[in-house]
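Visitor: Here you go, one structure.
None of the figures in this text is laboratory data; all of them are computed from the coordinates on show. None of these values were measured; they are calculated from a predicted model. Neighbour counts are summed over all protein chains in view; Cβ atoms, including those assigned to glycine, are modelled from backbone coordinates with ideal geometry.
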C-alpha cells in the first residue's frame, strides 16, 4: 500500500508538471498562429489511452509515462516528421515564424516550470509555514551515524559551522556538507571548539550509503507501538522511557537503536529496562528478523524546541522566490558533485528513485514541496543545451538570431537524433541503477 501511495503521488506530480510545461509551449504557439497537431500527456507510441480532436489539434493521453509533448507543425522535434519538412514552408508552420517568436515558444515550458515552482513554494509557506531545528536547540547534541563517526564526529557534538557557514537548520547539515563539498565541520565538544576535516572519501561514502551524518539526540520515549510487533505483544506502552538495553545504559534513542540494530536479521531477545510513571520495570522483548521491536519514538516537536516561521500572503511570494532559487542553486551544485566525486554517477536514479522520495502516506505539504522541487529541476534539465531538449532548440535559435542564418535542416535532424540517443542512454542508465539497487536489497 505504501508503494502504491508513492506511485500515485509521483504520477499526479508528473501529470501536473507535464501538462503545464507543454501549455508553456502551446499557448504562445497558438498566439503566434502556429498550427498545433498534437497535445499529449505521456507518450503514445503505437496507440493512446485517450484522444479527441478539436480543430486542428489532437488532445490525448499516452500509455508511456516518460513525459509528454506538443507536436508543432513545421518543427524538427522528437516526432522526426521528415516528410513534412520536405514540403515548402507554410505560413502556419513553426519554421515560417520569426526567430523571436520561435524563441518565446521554446522557452515557454521552462518559464512555466520556474513560475510554477515559485508559486507552489509560496503557497506551501503561506499555508504551513516553515519549521526548523536550530543547532542550539539540540540541547543533547547530535547522534552520529557510522559515516559521521568515521569522519570524526562524535555523539553529543554541538554543530557550529560547515566550513565558514553557520547552520540554521540542523537537519540540513548533511546536504550542506555534500553539495558544497565541504572541507571542515566545526563542533563544540566537551566545552571546546573542534574542527573536523572532511576528506573526499567521506563525501564518497556519504553518497554511497545515503548518509545523513547526524540526527538530534533525544531520550527514548515510546510514542506508539506497532500492531502485531513484539513491543505491543509484550505490553510496552506510550510514555515508557527506555533507559537500558541488555545491561547497557541507553540515555538516548540512538543508543537503543544501535543495540537493537546490531541484532538485525537474527531473532533474539532484548532485556529492556524502562521507566513508567514512578516505576522502573524490566521486560524481555523479542527482536524480530528485521531488527525491529516495534515502537515509534516521541516526535521531535514534543521533545525539542522547534522554531517556526509563518508567512503572510504578501510575504510568501518573496519567500517562494528565495526557496526556488535555493533549490536551483543546490541542484546546480549537485552536478559538480556528480562529476567530481568518485562513484557519484552510480547513485543516479530513475523513476523508481524519484517515486521512492515521496512520503509513504498522503501528506499534502510534502507532496506539494516535492512537486515544486521537481518543477525547478525540470526547468533546469530542459534548458540544458542538449538537442532534443528545449535548451537545444534555444541554442540553435540564438545562433540564428546572432548570425541571422538558420542552421542547416539536415544538421538539425542529425543533432536531434544525437540528443535523443543521449537522453535515451541516460534514461536507461538511471533506471538500470534503480533495478540493480532493487535486486541488491533483496
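Visitor: Just for the Cα atoms in the chain, what are the lengths along the principal axes, largest first, rounded to whole Å?
Guide: 89, 47, 44
Visitor: For a test of the definition: using alpha carbon positions, the gyration tensor, and the 1.5 limit on a/c, classify the range 295-381 as rounded, prolate or oblate.
Guide: Here the range 295-381 falls in the oblate category.
Visitor: Cut-off 11 Å, label point 7 angstrom out along Cα-to-Cβ of residue 63: give me the residues of the range 1-44 whose amide nitrogen falls inside.
Guide: What the label zone holds, given the 11 Å backbone N cut-off, is 44.
Visitor: Round to the nearest 0.05 the FRET efficiency obtained for residue 212 and residue 127 when R0 = 30 Å and r is the Cβ-Cβ distance.
Guide: That pair, residue 212 with residue 127, gives E of 0.65.
Visitor: Report, in degrees rounded to the nearest 10, the 0 to 90 angle that the Cα long axis of helix 409-441 makes with the longest principal axis of the chain.
Guide: 20 degrees
Visitor: In addition: First check a/c for the range 206-354, with a ≥ b ≥ c the square roots of the eigenvalues of its C-alpha gyration tensor; if it is under 1.5, answer rounded, and if not, answer prolate when a/b is larger than b/c or oblate otherwise.
Guide: Oblate, since a/c reaches 1.5 and b/c is not below a/b.
Visitor: A follow-up question, please. Considering all projection directions equally, how large on average is the shadow of the alpha-carbon convex hull of the range 222-297, in square nanometres?
Guide: 4.3 nm²
Visitor: Counting alpha carbon pairs within less than 8 Å and at least 6 residues apart, what relative contact order, in whole percent, applies to the range 135-216?
Guide: On the way: 138 pairs, mean separation 30.2, N = 82.
Computed over the range 135-216, the figure is 37 percent.
Visitor: Another question, then. Ranked by Cβ crowding within 10 angstrom, fewest neighbours first, how are 282, 123, 1 ordered?
Guide: The most exposed by this proxy come first: 1, 282, 123.
Visitor: Another question, then. Can you compute the helix-only [θ] at 222 nm over the chain? Use -39500 (n - 2.57) per DSSP H run of at least 4 residues, normalise by all residues, nearest 500 deg cm²/dmol.
Guide: Mean residue ellipticity at 222 nm (helix-derived): -15000 deg cm²/dmol.
Visitor: Quick check: residue separation of residue 134 and residue 401 times 0.36 nm, minus the Cα distance between them. What number comes out in nm?
Guide: 91.1 nm
Visitor: Moving to a separate point now. Report, to the nearest 10°, how far helix 390-403 tilts away from the longest principal axis of the Cα atoms in the chain, using its own Cα long axis and a range of 0 to 90°.
Guide: Roughly 50 degrees between the two axes.
Visitor: At a threshold of 8 angstrom on Cα-Cα distance, excluding pairs fewer than six apart, so keeping six or more, what relative contact order does the chain reach in percent?
Guide: Relative contact order for the chain comes out at 18 percent.
Visitor: Stretched out fully, how many nm does the piece from residue 189 to residue 424 gain, at 0.36 nm a residue minus the Cα gap?
Guide: 79.6 nm
Visitor: State the Cα centre-to-centre distance between the range 280-309 and the range 161-180 in whole Å.
Guide: Taking the Cα centre of the range 161-180 as reference, the centre of the range 280-309 is 26 Å away.
Visitor: If I take R0 = 25 Å and measure r between the Cβ atoms of residue 281 and residue 305 in this structure, what FRET efficiency does the formula 1/(1 + (r/R0)^6) give, to the nearest 0.05?
Guide: 0.25
Visitor: Follow-up question, since we're still on this one. Which semi-axes, in whole Å and largest first, does the equivalent ellipsoid of the range 135-216 have when worked out from the alpha carbon gyration tensor as the square roots of 5 times its eigenvalues?
Guide: For the range 135-216, the semi-axes come out at 18, 13, 12 Å.
Visitor: Decide, for the range 329-442, between rounded, prolate and oblate: order the square roots of the alpha carbon gyration tensor eigenvalues as a ≥ b ≥ c, take rounded if a/c falls under 1.5, and otherwise choose prolate if a/b is larger than b/c, else oblate.
Guide: prolate
Visitor: Taking only Cα atoms, what is the 0 to 90° angle, nearest 10, from helix 2-31's long axis to the longest principal axis of the chain?
Guide: Value to nearest ten degrees: 30.
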